[in-house]
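Novice: Have a look at this one before I ask anything.
The values are calculated or read from the model by the stated rules, or taken from the named source; none is laboratory data. Remember, predicted model here, so these are calculated numbers, not experimental data. Positions of Cβ are backbone-derived with ideal geometry, glycine not excepted, and every protein chain shown enters the neighbour counts. Just so you know, the surface numbers come from the protein's heavy atoms only, side chains and all, with ligands and any DNA or RNA stripped out. Shrake-Rupley method; radii C 1.70, N 1.55, O 1.52, S 1.80 Å.
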Amino acid sequence: MKKTWWKEAVVYQIYTRSFKDTSGDGIGDLNGVTEKLNYLQSLGVDILWLCPMYKSPNVDNGYDVSDYREIMAEMGTMQDFDNMLAEIHSRGMKLILDLVLNHTSDQHPWFHESKSSKDNPKRDWYIWRDKPTNWESIFGGPAWTFDPKTNQYYLHLYTKNQVDLNWENPEVRRELYDMIIWWIEKGVDGFRVDAINHLKKDLTDMPNPEGKNYVPAWRKMTNVEGIQDFLKELRDETFAKYDVVTVGEANSIRAHELAEWISEDEGKFNMIFSLEAHENWNQDLDADHNVMTIKKILDRWQRSAQGIAWNSLYLENHDRPRTVSTWGDDRNYWRESATALACMYFFMQGTPFIYQGQEIGMTNVPFDDIKKYRDIETKNFYRYKRMQGVPHEELMEAIKKVSRDNARTPMQWHDGTNAGFTVGKPWIDLNPNYNWLNVEAQTVDDRSILSFYKKMIVLRKSRECLLYGSTKLAETDCPDVYAYIREYENTRILVVSHLDSDGCHWSLREKGQLLLANYTEFMEQKLQPYEARVYLLE
Ligand code: NOJ
């Protein structure tokens, strides 16, 4: 495998809106990111991925762009952006942007033009039909909205304010490529490419035996035949001309398909986010032996990539609940389970991503009142399900578990006012546990989750084996132990994470030197609840 900077890096994802507010309007901003660069540097991360900061009416918190070349007013100015980028680069760090190419906001001037009349030159930049297909939108409700002025429907896979661009139109593609090059020329170092496998659509009806108003149409809108041609052109016209890193958000891809997406020969991106393991997300790992399932899936991805491709490694992002509350145990083994999960994914082959707050073990937020939720997906889910007669209590139970707002509460810097996130009124309530769960408290505690992350980053960077070594699952008798061996030249490193709250029999079968552990005292022949260890094997 070729050696490259982004393979040796650790990426930190910033949900800018919730990271740090410096203007006092309760919304995180670019100057807030700049202010916290020393913190990020001390953590040891190399690349920052910034969630959308483009001009946007924020129906979906920036994933509805109304101008790709302007900064969202709440987050600052282009001057702030340039300053932030210079500060990032002066620290030897890199910046990747979130690129939303599947849709724009309905407030984008292109859409204003497109909807102004049927013969407007930009009419065909979006997808208009006299008769809609029977698809349901990914965020609930119909995927088409009627425009009374021109008597046609437009397509939106997400909310009706996120209008799908017509990728079949070469002018649209050219305009997007120019915009991408504009940002690269400005100095950004890469992109996380949003919702990339929806670019191609098969605009035909889904079977609808029950005669519903609209039906889920995943396979008509995801990875449709012909999408690779779009992706190839996108790569060749933009990313391939520069030394930038790309990671595509690619739903529903399975390990055996990874070559055309990310192989070094024919991949369209350097990495993708595969969501397969996370499809088990909302379940308790304890139930249904999910550790076994996750092990099977992640191992399949590791094996399939070996020698041909490189991939991303991640536990959390802004679309998922917090792992310490789902896969871990945030009540009884908060510190142990957060660190064991971290150890489990961090040392596999690939580039690790850390989502803001994950490094201090931030937890799901217990909002009881639907009015406290801000996420449009959550709000739509509640609205449509209530319309279908699902009881309020049942919905609240589900929302508390799965809402994306679980991961979007403000970053917890210290135990003072609003956790140090803002001096104003935060756009979303804080998780009240900031009084004890915060960066400041963990910075001075050598046994904290934050300290563990720092140690993991140092360790990963100090051993080539942990970067470029092969990965092989290690057999254990205990189904809840995830163990694997990295091997490179003459070095072998064993990573063992026990992902359950019981004790289990386990012993090191070879001689090894302990490199990292999340407990300070060990038991003979036993792993304690959520115990994790890393050994250099002799
Ligand atoms: C994936 C993003 O991560 C998510 O936050 C967003 O809502 C959808 N794509 C639509 O852009």
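Novice: Which residues, counting only those in the stretch 410-419, are in contact (Cβ under 8 Å) with a residue 40 or more places away in the chain and surrounded by fewer than 21 Cβ atoms within 10 Å (Cβ to Cβ)? I'd like the intermediate steps shown before the answer.
Specialist: Quick first cut of the stretch 410-419, residues in contact (Cβ under 8 Å) with a residue 40 or more places away in the chain only: 410-413.
Selection gives Trp413 alone.
Novice: Consider the stretch 232-267. How many of its residues are in a loop (DSSP other than H, G, I, E, B) and touching a strand residue (DSSP E or B) at 6+ places or on another chain (Cβ under 7 Å)?
Specialist: Looking only at that region, the number is 4.
Novice: All but one of (1) under 23 Å from Ser312 (Cβ atoms); (2) of a type in the set (S, T, N, Q); (3) within 14 Å of the ligand (Cβ to nearest atom) hold for Gln41; which doesn't?
Specialist: All conditions are met except number (3).
Novice: Still on this structure, please answer the following. Give just the number: which of (1) open to solvent by less than 10 Å² (accessible area, probe 1.4 Å); (2) touching a Gly at 6+ places or on another chain (Cβ under 6 Å); (3) among the basic types (Lys, Arg) does Lys7 not satisfy?
Specialist: (2)
Novice: Another one. Name, by its number, the condition in (1) surrounded by 18 or more Cβ atoms within 10 Å (Cβ to Cβ); (2) more than 16 Å from the ligand (Cβ to nearest atom); (3) part of a helix (DSSP H, G or I) that does not hold for Ala398.
Specialist: (1)
Novice: From the list Leu494, Leu508, Leu514, exactly one residue is under 26 Å from Gly361 (Cα atoms) and open to solvent by 20 Å² or more (accessible area, probe 1.4 Å). Which is it?
Specialist: Result of the check over Leu494, Leu508, Leu514: Leu514.
Conditions tested, residue by residue: (1) at pLDDT 95 or above; (2) within 15 Å of the ligand (Cβ to nearest atom); (3) open to solvent by less than 40 Å² (accessible area, probe 1.4 Å).
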| residue | (1), (2), (3) |
| --- | --- |
| Ser117 | yes, no, yes |
| Trp144 | yes, no, yes |
| Thr159 | yes, yes, yes |
| Val163 | yes, yes, yes |
| Glu185 | yes, no, no |
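Novice: Considering only residues of the stretch 50-76 that are in contact (Cβ under 8 Å) with a residue 24 or more places away in the chain and more than 21 Å from the chain's Cα centre (by Cα), which is farthest from the ligand (Cβ to nearest atom)?
Specialist: Going through the qualifying residues, I end up with Gly76.
Novice: When the residues of the stretch 96-110 are filtered to those that are near the ligand (Cβ under 10 Å from one of its atoms) and in a strand (DSSP E or B), which remaining residue is surrounded by the most Cβ atoms within 10 Å (Cβ to Cβ)?
Specialist: Residue satisfying both the conditions and the ranking: His103.
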